[in-house]
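Just so it is clear, none of the values below were taken in a lab; they were calculated from the coordinates. What you see is a predicted model; the values in this text were computed from it and never measured. Here Cβ is always computed from backbone atoms with ideal geometry, including for glycine, and neighbour counts include all displayed protein chains.
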Amino acid sequence: MNSTGQCHVMFYIRLINNNARIQSDEVDILPILPFADKNPKIDPNAYVSEQATIVGDVEIDSGASIWPGAVIRGDQAAVRIGANTCVQDSVVIHAHSEENPTIIGSLSTIGSASVIHGVYIGDSTNVGEGCVIFDGATLGEGIRLAPGSIVPANVVIPPRSLNSGVPASQIRELSREEVEKQSERAETISQVFRKLKRWQISP
């Protein structure tokens, strides 16, 4: 603490070979934290902002990107993030029970400020900004969820459909081409983060 009463954080936690290790230094916080006997597992080709928080039983696959302010907590149940999926700014992902882990497939986009608790989200899905998805919900492959939508607990949304509203309801089916564009968008974001080496957790 300095003379003005401000406290400076002097440590960060870095994941090395799937083990959390504390190092003393004047750097930004990189909160990748164990919980009980569970350590986050982050693929070397995944990218995590230094301003994101990853806790406990969380696995992040190759090419996935976790943006500033995102919080992913595997303290009560498992969280899995698929390959080339992007979790944007200020997203909260959690799971309340082992019966409802959070599983997010590959090539998906989770829009900024969304909240996801104990759900299954299929591949090539686009969750718009500010959505809330409650425990036990299932979003099939190729879903598009409009910004601000709310999906109640235990609701099943069929694959390849556009959904919107509070609560979310199906507007129409999506074409194969529309689903492919969602996958391409996620892949493009992944390629950008491959170039941003400063976002990657240092070995």
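Structural remarks
- Note on E129 and F35: the extension gain reaches 31.0 nm, defined as 0.36 nm multiplied by sequence separation minus the Cα-Cα distance.
- ³J(HN,Hα), Karplus 6.51/-1.76/1.60, whole Hz, each residue of segment 116-124, x for Gly, Pro: 10, 10, x, 10, 10, 10, x, 4, 6
- Over segment 32-196, Cα pairs under 8 Å with separation of 6+ residues give a relative contact order of 15 percent.
- Residues of type aspartates and glutamates that K41 reaches as a straight line, Cα spacing below 15 Å, ignoring anything fewer than 8 places off in the same chain: D57, E59, D61, D75
- Annotation: amide H-H contacts under 5 Å for S90 (H modelled 1.01 Å from N, sequence separation of 5 or more, or interchain): G69, A70, A113.
- Phi-derived couplings, Karplus 6.51 cos²θ - 1.76 cosθ + 1.60 at θ = phi - 60°, listed residue by residue for segment 137-151: 5, 10, 10, x, 4, x, 6, 10, 10, 5, x, x, 6, 10, 10 Hz, with x used for Gly and Pro.
- Measuring r between the beta carbons of H96 and V156 and using R0 = 22 Å, the FRET efficiency lands at 0.75.
- Taking amide H as placed 1.01 Å from N in the peptide plane, the amide H of N45 sits under 5 Å from that of G63, each at least 5 places away or on another chain.
- Average Cα contact separation per residue, segment 99-203, under 8 Å, 6 or more apart, as relative contact order %: 20 percent
- Looking at segment 73-154, the GluC sites (Glu not before Pro) that sit in a DSSP loop and have at most 10 other Cβ atoms within 10 Å of their own Cβ are E99.
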